[in-house]
1. State all residues of the range 40-71 that are within 16 Å of ligand 2 (Cβ to nearest atom) and part of a loop (DSSP other than H, G, I, E, B); if no residue qualifies, say none.
2. Checking His227 against (1) in contact (Cβ under 8 Å) with a residue 24 or more places away in the chain; (2) more than 17 Å from Thr261 (Cα to Cα); (3) not hydrophobic (A, V, I, L, M, F, W, C), only one condition comes out false. Which one?
3. Would you check if Ala107 is within 24 Å of Asp152 (Cβ to Cβ), free of Cβ contacts under 8 Å to residues at least 40 places away in the same chain and either more than 16 Å from ligand 2 (Cβ to nearest atom) or crowded, with 18+ Cβ neighbours inside 10 Å (or both)?
4. Could you please give the count of residues in the range 14-58 that are more than 32 Å from the chain's Cα centre (by Cα) and modelled with pLDDT under 95?
5. For Asn115, only one of the following conditions fails: (1) open to solvent by less than 40 Å² (accessible area, probe 1.4 Å); (2) away from ligand 1 (no atom under 13 Å from the Cβ); (3) touching a Lys or Arg at 6+ places or on another chain (Cβ under 9 Å); (4) part of a loop (DSSP other than H, G, I, E, B). What is its number?
6. Are any residues in the range 77-93 within 25 Å of the chain's Cα centre (by Cα) and in a strand (DSSP E or B), and if so, which ones?
7. Have a look at His225, His211 and point out the one that is within 16 Å of the chain's Cα centre (by Cα) and surrounded by fewer than 17 Cβ atoms within 10 Å (Cβ to Cβ).
8. Select, from Gln344, Gln335, the only residue that is assigned to a helix (DSSP H, G or I), more than 20 Å from Lys269 (Cβ to Cβ) and open to solvent by 40 Å² or more (accessible area, probe 1.4 Å).
Amino acid sequence: MQTLRASKCGLSTSRLPSSILDVIDSLTKAGYEAYIVGGGVRDLMLGLSPKDFDAVTDATPSQIKEVFGRRCKIIGRRFELAHVYSGRELIEVATFRAPPKKAVTSATGMILRDNNWGSIDQDFVRRDFSINAMYYQPRKGQVLDFCNAMADIQCKTLRLLGDPVLRFEEDPVRMLRTLRFAAKLNFSIAPEILDVFTPEMTQLLRDVSPHRLYDESQKLFTMGHLHQVLPMLIDFGIWKQLFADIPPQITPFIERAAKNTDQRIQIGKTINPAFFYAVLLWKPFLERCDFYLSKGVVAVEARAQAGMDVLKRQATRTIIPRFAETFVREVWEMQSRLLNPKPQQIEALSVHARFRAGFDFLLLREKSGDETTQGMGEWWESYQNLSADEKERTIHQYNRQRTRKRRKSAEVAEAPESVVSDATEIEPLVRESESRSNRRSRNRTQSGSGGRDRTVMKNGAESGVDTDHPILKRKRVQRDLAQVTFGPIQP
Ligand code: ATP
Ligand code: MG
């Protein structure tokens with residue numbers, strides 16, 4: 001173990017937020033050891049701005065609770081941790097861990113329970129990479145380096161502590177973390193990791209809970225280096241484990257959206273991570289729509305069913321929370337509204353809560369060469385910058401062109417939606433209840449058969465979706481969408 005002078009590592013208390021200093025000071029005052037550890041120390045040493053700070057101590061979770069009282073909440077089962085609120089910030093405080101006494105592992109060696117408290121020199125070996133295992137005591141101005149992490153920082157190398165095979169088996173998510181840190185820090189991956197990072201090894205991710213994988217996917221999407229990590233996900237065979245039906249191919253649309261996401265993060269704009277799921281799943285969604293359309297299902301119903309199908313299948317890998325799923329389906333539904341808006345609804349659409357996300361999505365499609373947008377991305381872009389008079393004239397002009405087009409075309413686009421053509425109000429983008437109990441009970445009354453649920457077809461025939469189809473079985477919580485704020489619509 002070497003003790004480094006913090007100032008020599010580019011660390012100083014002036015670069016630390018008061019929240020982490022408060023946590024370290026309170027624990028020290030109560031007689032415990034306390035350090036800053038993990039990404040906070042690593043990023044500061046690399047001259048980056050840490051997204052958060054984690055603390056570690058010899059106090060057990062219940063002792064931490066005694067120190068912070070109501071400001072502290074103990075969370076986690078597999079890894080018990082304390083969440084301490086300091087001002088408006090939340091600091092994760094972990095207790096030094098020892099190797100599990102009686103290994104609680106799965107058949108593949110994955111650690112299921114790890115709550116044996118230990119000492120600092122037992123704790124560092126439990127961490128993943130050397131560069132994440134530096135302990136910084138800001139008041140003493142010291143960094144404790146147990147594994148020559150400083151050398152790895154200097155030569156920009158990601159090195160797993162211990163045997164890489166064992167470490168991946170213990171926690172397959174470390175494979176995702178390897179790619180995330182390599183992309184984010186622009187570090188090379190040590191050869192001994194590359195040797196074992198095989199397609200067979202990535203299969204272990206199948207054992208990880210889809211909830212945890214969703215969280216990890218979010219970290220990948222929001223780290224600001226999405227564009228760099230995507231090809232790595234494909235090359236290392238992780239893509240197939242994370243995304244059920246998305247072909248492992250970075251299409252111009254995905255590439256553009258990834259770059260756009262990174263740029264937004266760089267300039268401090270908010271992003272909604274579910275937006276990137278909407279991008280990734282767009283192709284499978286369109287294909288599923290075509291499937292339903294080919295079966296004669298009307299367009300609006302085909303889109304609703306396709307959306308549910310695609311998200312249902314993705315949930316086998318990463319469980320997207322319900323509100324985020326609704327967001328994704330709304331962004332997709334917005335595409336057809338924006339592509340072929342009813343003239344009297346144009347203004348209402350432009351102020352709709354989901355307009356911003358839907359429009360960003362449309363423009364990204366258009367700019368990445370998707371001609372099916374028919375230039376409507378640009379149309380909406382210029383529409384938003386017009387004065388009230390100009391808007392009126394533009395709508396008038398659009399209406400004339402639309403009528404001409406509709407007259408010419410024998411096949412009227414999206415005909416079933418024109419039933420409400422006089423309405424100036426926007427129909428709900430996603431009908432939660434329509435797709436569940438209401439539709440089921442309506443169909444029961446209509447058919448009287450009770451055995452099958454029906455999807456509306458153009459010719460009125462049944463689509464053959466059984467009542468025990470998993471889509472229809474999912475419980476849906478009614479959510480007040482107005483309460484859900486999303487990144488892209490915030491100024
Ligand atoms: P960032 O917060 O920038 O994403 P981080 O390294 O701080 O990166 P966290 O998930 O916040 O990552 O974890 C804090 C620390 O806990 C890590 O630096 C590492 O030491 C340890 N850690 C986290 N996840 C694992 C894991 N799966 N296996 C071993 N150690 C881990
Ligand atoms: Mg962290």
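The values are calculated or read from the model by the stated rules, or taken from the named source; none is laboratory data. Just so you know, these numbers come straight off a predicted model, no measurement behind them. Virtual Cβ from ideal backbone geometry, glycine too; neighbours counted across all protein chains shown. These accessible areas exclude ligands, DNA and RNA; they are computed on the full protein's heavy atoms, side chains included. Shrake-Rupley method; radii C 1.70, N 1.55, O 1.52, S 1.80 Å.
1. From the range 40-71, those within 16 Å of ligand 2 (Cβ to nearest atom) are 40-46, 48-57; that's our starting set.
Selection gives Leu46, Leu48, Ser49, Pro50, Lys51, Asp52, Phe53.
2. If we test His227 against (1) in contact (Cβ under 8 Å) with a residue 24 or more places away in the chain; (2) more than 17 Å from Thr261 (Cα to Cα); (3) not hydrophobic (A, V, I, L, M, F, W, C), just (2) comes out false.
3. no
4. 1
5. (1)
6. Across the range 77-93, the qualifying residues are Leu81, Ala82, His83, Val84, Tyr85, Glu89, Leu90, Ile91, Glu92, Val93.
7. Answer to the check: His211.
8. Gln344
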